[in-house]
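The values are calculated or read from the model by the stated rules, or taken from the named source; none is laboratory data. Small disclaimer: the values here were computed from a predicted structure and weren't measured. Note: ideal-geometry Cβ built from the backbone for every residue, glycine included; neighbour counts use all protein chains shown. Just so you know, the surface numbers come from the protein's heavy atoms only, side chains and all, with ligands and any DNA or RNA stripped out. Shrake-Rupley method; radii C 1.70, N 1.55, O 1.52, S 1.80 Å.
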Protein chains: 2
Amino acid sequence: MNVGEVAALAGVTVRTLHHYDRIGLLSPSGRTAAGYRQYAPADLDRLHQVLLYRELGFPLEEVATLLDAPDADPEAHLRRQHRLLRARLERTQAMVAAVEKEMEARSMGISLTPEERFEVFGEHDPAQYEAEVEERWGETDAYAQSKRKTAAYTKDDWVRIKAEGADIEARFAAAMTDGVPADSDRAMDVAEEHRQQICRNFYDCPAEMHAGLGRMYVEDERFTAHYEEIAPGLAQYVSTAVQANAARQG
Amino acid sequence: MNVGEVAALAGVTVRTLHHYDRIGLLSPSGRTAAGYRQYAPADLDRLHQVLLYRELGFPLEEVATLLDAPDADPEAHLRRQHRLLRARLERTQAMVAAVEKEMEARSMGISLTPEERFEVFGEHDPAQYEAEVEERWGETDAYAQSKRKTAAYTKDDWVRIKAEGADIEARFAAAMTDGVPADSDRAMDVAEEHRQQICRNFYDCPAEMHAGLGRMYVEDERFTAHYEEIAPGLAQYVSTAVQANAARQG
DNA sequence: TTGCAGCCTGACGCTACGTCAGGGTCAAGG
DNA sequence: CCTTGACCCTGACGTAGCGTCAGGCTGCAA
């Protein structure tokens with residue numbers, strides 16, 4: 001792909017790609033004889049990461065060091081981004097609440113103190129704060145998590161993990177063909193094992209996130225296809241069971 | 001207040017306040033004999049607005065024109081900010097979902113197409129997009145809303161509105177002293193009237209937002225005090241009724 | 001072969017500040 | 001009374017992340 005196509009796909013300008021090339025953040029892996037930039041799939045992967053980190057407020061130079069760190073696997077980046085995005089979510093929710101509070105205060109004739117009104121801004125700095133939280137919290141448990149996870153897996157580990165996954169899927173299918181409802185205890189128990197298997201082997205997956213995955217299994221054809229291949233109707237069954245289990249867990 | 005205090009309160013640097021002064025975005029309303037900047041409460045109000053708009057990605061120049069527009073009342077700004085913040089909330093949620101999707105895809109060995117992965121970035125530009133949505137959507141219904149709302153109220157309107165509010169509060173209090181549960185139909189009906197009165201007279205207040213207000217009535221002492229002054233226990237009563245009504249409405 | 005869209009490389013401009021430099025101000029303590 | 005350290009002032013220059021020409025080559029469709 002050439003610059004124009006990549007730019008259109010990623011929603012950035014050609015100039016931006018030129019810039020990333022010059023500063024060495026993202027250099028296309030090839031050029032045509034005429035000097036046209038040629039972007040390979042791997043370059044798109046990297047661009048994707050770059051844009052995520054940029055959106056999260058990281059300076060480009062830091063993005064480069066993050067992505068070029070030899071010991072950082074892709075999964076670790078995803079986990080980090082997930083954490084930071086949820087932090088942003090919380091912050092935005094707090095700001096929404098603050099604005100609502102002010103609207104209500106005005107309509108009731110109550111006036112807020114300056115401290116209250118600036119509460120949500122307190123010493124923030126959108127980028128640095130998130131990066132800081134990351135530094136102090138992220139790399140304690142999550143770094144350890146990252147280390148003992150996929151990066152360190154041997155072939156045997158992968159075989160075992162695949163087997164675990166297949167086992168759980170088979171038990172879902174068995175429950176379904178036995179006519180057990182998807183929101184029954186038996187199905188939910190399998191769902192809970194599914195969640196814990198994800199936690200053990202891949203990434204931290206709280207109930208809420210697991211419910212999101214459940215929804216995706218029926219909404220996204222790729223995941224639907226994965227389950228339908230095992231047994232027809234299994235995608236919907238697993239989806240329901242997973243969401244029911246999430247509701248049960250709280 | 002002098003620069004340092006304001007900076008600490010608002011979570012910005014002194015340099016930032018200097019900058020805002022020089023470009024005329026926020027000039028303190030006074031100076032000491034020695035030339036020290038003196039910020040009045042009104043200046044803090046303005047700073048608050050500036051920071052909100054800045055956070056939403058507006059360029060400072062545009063913030064200035066927005067805030068200096070003679071026909072824009074504070075309520076309109078709050079409504080606009082509320083809309084934009086919710087747009088950001090949705091976008092962030094979409095990004096969280098996208099990252100979760102990718103994590104799950106990796107753990108299941110499915111690989112996503114570039115289009116899917118850049119979906120969430122598509123033609124965005126964090127500031128402009130929000131500003132654009134604002135231009136096209138906001139100023140159609142909401143501008144009309146703004147116009148016929150508080151800005152145009154006469155003294156009589158205010159008297160009527162105050163009376164309406166007092167009436168609803170009295171009916172809440174009556175229901176409570178009658179021993180009617182806060183989640184009964186009677187109490188929820190009053191809550192619904194409360195919501196509709198806010199919509200008519202002040203700002204658009206969907207069920208979800210109303211529930212948020214309900215929570216605030218018991219969490220924030222200012223609002224609690226407002227209701228407790230009418231009758232002890234009324235804050236909790238109204239809060240419960242409002243949240244129950246929001247749940248009822250869906 | 002002739003457009004015209006798309007690509008290239010400088011190079012300068014712009015926003016929203018960060019960061020000194022050089023110098024007054026103010027309240028507390030010696 | 002005087003000094004000291006924290007705070008304030010005004011330039012002035014620097015920086016990040018591009019936007020925006022300018023001047024020129026490339027590629028493909030008519």
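Here are the numbers:
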item	result
Of A:A191, A:A231, A:A72, the one that fluctuates the most in a GNM where chain A has Cα springs shorter than 10 Å	A:A231
For the B-to-A rotation axis, chain B residue with nearest beta carbon and its distance in angstrom	B:T92, 3
Chain B, relative contact order in percent, only Cα pairs under 8 angstrom and at least six apart counted	12
Estimated D of chain B in µm² per second, where Rh is the Kirkwood radius over Cα pairs and Stokes-Einstein applies at 20 °C, 1.002 mPa s	99
Formal net charge of residues neighbouring A:I23 (Cβ-Cβ distance under 13 Å; K, R +1; D, E -1)	-1
Cα convex hull volume per residue for segment B:155-249 (Å³)	87
Label point 7 Å beyond Cα along the C-beta direction, distances from B:P181 to other copies (nm, shortest first)	2.4
At 7 Å out from Cα toward Cβ: B:V159 inter-copy label distances (nm, ascending)	8.9
In order through segment A:61-76: 3J(HN,Hα) via Karplus (6.51 cos²θ - 1.76 cosθ + 1.60), integer Hz, x for Gly, Pro	4, 5, 4, 4, 5, 4, 6, 8, 4, x, 9, 9, 7, x, 4, 4
Solvent-accessible area buried by pairing A with B, both sides, nearest 100 square angstrom, 1.4 angstrom probe	6000
Segment A:200-250: relative contact order as a whole-number percent, Cα under 8 Å and 6+ apart	44
Normalised contact order of segment B:155-249, rounded percent, pairs of Cα under 8 Å and 6 or more residues apart	33
Exam field: B:R15 pseudo-label spacings to other copies (7 Å along Cα-Cβ), nanometres	2.4
Chymotrypsin sites (Phe, Trp or Tyr not before Pro) within segment B:18-47: DSSP coil, no more than 12 neighbouring Cβ in 10 Å	B:Y36
